[in-house]
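The values are calculated or read from the model by the stated rules, or taken from the named source; none is laboratory data. Note that this is a predicted model, so its numbers are computed, not measured. Don't worry about glycine lacking a Cβ; one is built from the backbone with ideal geometry, like all the others, and counts go over all protein chains shown. Remember, those area values only see protein heavy atoms, side chains included, never the ligands or the DNA or RNA. Shrake-Rupley method; radii C 1.70, N 1.55, O 1.52, S 1.80 Å.
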Amino acid sequence: MPSYSADLTARDLAVVWHPCTQMHDHETLPMLPIARAEGAWLYGHDGRRWLDAVSSWWTCLLGHRHPRIVEALKDQLDRIDHVMLAGFTHEPAIELAEELVRIAPRPQAHDASPLTRVFYADNGSSAIEVALKLSFHYWRNHGRGERTRFVALTGGYHGETLGALSVTDVALYRATYAPLLLEPVFAPSPDAYERAPGESAADCAQRALHALREILQRQAHELCAVIVEPLVQCAGGMRMHDASYLTGLRALCDEFDVHLIADEIAVGFGRTGTLFACEQGGIAPDLLCLSKGLTGGTLPLSAVLTTADVYAAFYAEYASGKAFLHSHSYTGNPIACRAALATLSVLREEPVLERNRALAAHLDARLAPLAGHPHVAEVRRTGLIAAVELVRDKATREAFPSSERRGLRVYRHGLERGAVLRPLGNVVYFMPPYCITPEEIDFMVEVAVEGIERAVG
Ligand SMILES: *Cc1c(COP(=O)(O)O)cnc(C)c1O
């Protein structure tokens, strides 16, 4: 008799096409039905459970089914389900915009404009599309329609829709679709993993800024914006850089008069140790994209914050044709906004960042022994993101060929042992929900270490 769980798997594989998956893999790779989720754990129908070490694709910030979010959602369902946000508004959208503006990273220069305006969309990629279009359209409304290009960083990731994919530099996702995409100018990443012998992370940042300056000197007249994932390039392999890059980047964007778009979709809301990663560089962008953790992993929602200056470029008589007519059906959905408000209230009222610092220190201690492993080139961490870079040769940092799928072996082992570790290529990483306990961290690292042993052996 097949179990109920096996039955669900068979039904799934007959009709569902899964994201970011070669479906053929599931001829041997388990497809696990989840019945229930709570805190840091996912529970199957058959009594098994898995520690969600990747926060369900980095969304589930505080842990699954946080009581304050669940309560807010139930309450909201008795009020308004949805109303289009054109011509109508509601308390959740207003309150959330007020709160986002209140907590947004502040510019240091006193003449710089703060982020005071919120445009909603409904997922991360859509937020990127909005930011790219807003920047282009801003210049066009200022009579600078020849500014049509963006600067993106090597190794960056901004989503899968065509605009977002255009400014993404992860070949696995981009290469196939390249003929359909915009052609950004790629500037070198400040990625500290790529530093030369003897170079510090800060040196590496300065070198990347120097290269960016050359691009801006040559091409600023045709550029709209530079887009960056502040502090950690996540999907590109949890590659981390020095905060001085952000400070220098802001200064260059000001000097050459191009927008700065900060994509904090993955790193926002305390993940890097500050509420927003931009704070560590002491900067505010012109456009800030937020999603993923915004609703604590309950509902899709995104927001683009921008300045009074950007807003003003669109504000005119209708006949001027300057309006930003972009829309998504579920823009500013009230239920999603309530989930976000509940998430932000937890971040405001509980000592989340302090607790995360203690958890990060614990994680460092547990991961430290891995640094000496003959197939580990680097163990790195920023806030509550830690990554272990597996290589074939420690001395030369020669990578394992991607065809060997070493990371997949770690993933398989994790599933057998009860932890969701979903490596990015040869990078095993940890991005747990903030509710994780030190004991759960011990378990997570123990399973990862075993998985790494098997994967590289
Ligand atoms: C996930 C991600 C996106 C895309 O968000 P989706 O909701 O998956 O479309 C964009 N940028 C970054 C940095 C991300 O991590």
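Points worth noting:
- Heavy-atom surface of the chain, accessible at 1.4 Å and reported per residue (Å²): 44
- Ordered by solvent-accessible area of protein heavy atoms (1.4 Å probe), largest first, the residues SER327, SER291 come out as SER327, SER291.
- Over the chain, the pair-distance histogram of Cα-Cα distances with 10 Å bins from zero comes to 4, 20, 31, 27, 14, 4, 0, 0 percent, rounded to whole numbers.
- Within the shell of other residues whose beta carbon sits under 15 angstrom from the beta carbon of ALA323, the net charge comes to +3, with Lys and Arg scored +1 and Asp and Glu -1.
- Burial ranking of peptide ranges 47-53, 147-153, 223-229, 192-198 (average Cβ count within 10 Å, highest at the top): 223-229, 147-153, 47-53, 192-198
- Contact order, relative form, for region 1-85: 21 percent (alpha carbon pairs under 8 Å, 6 or more residues apart, mean separation divided by residue count).
- The chain: calculated mean residue ellipticity at 222 nm from DSSP helix runs of at least 4, using -39500 (n - 2.57): -11500 deg cm²/dmol
- Split the accessible area of region 75-349 by element, probe 1.4 Å, and carbon with sulfur accounts for 54%.
- Residues whose amide H falls under 5 Å from that of HIS259, counting only those 5 or more places apart or on a different chain, are ALA225, VAL226, with hydrogens built in the peptide plane.
- DSSP-defined beta bridges in the chain - what % are antiparallel, rounded to 5: 70
- Using Cβ point charges alone (K and R +1, D and E -1), the dipole size of region 75-349 about the Cα centre works out to roughly 280 debye.
- For LYS322, the lysines whose Cα falls under 23 Å of its own Cα, not counting residues fewer than eight places away in the same chain, are LYS133.
- Near GLY273, once Lys and Arg are set to +1 and Asp and Glu to -1 for all other residues with Cβ below 12 Å from its Cβ, the sum equals +2.
- Descending by average beta-carbon neighbour count within 10 Å, the peptides 133-140, 435-442, 87-94 line up as 133-140, 435-442, 87-94, the highest first.
- Solvent-accessible surface ranking, highest first, for MET84, MET23 at 1.4 angstrom: MET84, MET23
- For GLY155, residues with placed amide H under 5 Å, excluding near neighbours: ASP169
- 3J(HN,Hα) along region 345-357, derived from phi through the Karplus expression 6.51 cos²θ - 1.76 cosθ + 1.60 where θ = phi - 60°, amounts to 5, 5, 5, 7, 9, 10, x, 5, 5, 5, 4, 4, 4 Hz, with x in place of Gly and Pro.
- Based on C-alpha pairs under 8 angstrom that are at least 6 apart in sequence, region 75-349 has a relative contact order of 28 percent.
- DSSP-defined antiparallel bridges as percent of all bridges, region 122-266, nearest 5: 15
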